[in-house]
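Asks: I'd like to ask you about the structure that follows.
The values are calculated or read from the model by the stated rules, or taken from the named source; none is laboratory data. Values in this document were obtained by computation on a predicted structure and should not be read as measured data. Reconstructed Cβ throughout: ideal geometry from the backbone, glycine too, with neighbour counts over all protein chains shown. The area values use the complete protein model at the heavy-atom level, side chains included, leaving out ligands, DNA and RNA. Shrake-Rupley method; radii C 1.70, N 1.55, O 1.52, S 1.80 Å.
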Amino acid sequence: MGDWIDLKEVQKGDLLFFATKKNNRNVNHVGLVTAIYGDDVEFIHSTTSRGVITSKLKEKYWYFAFVQARRLL
């Protein structure tokens, strides 16, 4: 649900969708944008090992796992 948005247009509150399994582009993880610093996007998400944390989309792992951004109406 929601509108697909270009990464350059993300705002606080938008959702980021990720595919974290190797060789699989099915979405299995989501984060909520909390801050934007120039072209770097920070988001909050839950992990199984470390609980709820913040990460940056520029981190190699998240950059390559990123699938799409959406804004809920």
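Asks: I want to confirm something. Restricting to the range 7-39 and keeping residues that are more than 14 Å from residue 69 (Cβ to Cβ) and either of a type in the set (Gly, Ala, Ser) or in a strand (DSSP E or B) (or both), which single residue is most open to solvent (accessible area, probe 1.4 Å)?
Replies: My answer is 37.
Asks: Please go through the range 40-59 and pick out each residue that is within 12 Å of the chain's Cα centre (by Cα) and in a strand (DSSP E or B).
Replies: 40, 41, 42, 43, 44, 45, 46, 54, 55, 56
Asks: Which of the residues that make up the range 40-56 are open to solvent by 50 Å² or more (accessible area, probe 1.4 Å) and farther than 22 Å from residue 73 by Cβ?
Replies: Scanning the range 40-56 gives 46, 48, 49, 50, 52, 54, 56.
Asks: State whether one or more residues within the range 65-72 are loosely packed, with under 14 Cβ neighbours inside 10 Å and at pLDDT 95 or above.
Replies: Taking every residue of the range 65-72 in turn, none turns out to be loosely packed, with under 14 Cβ neighbours inside 10 Å and at pLDDT 95 or above.
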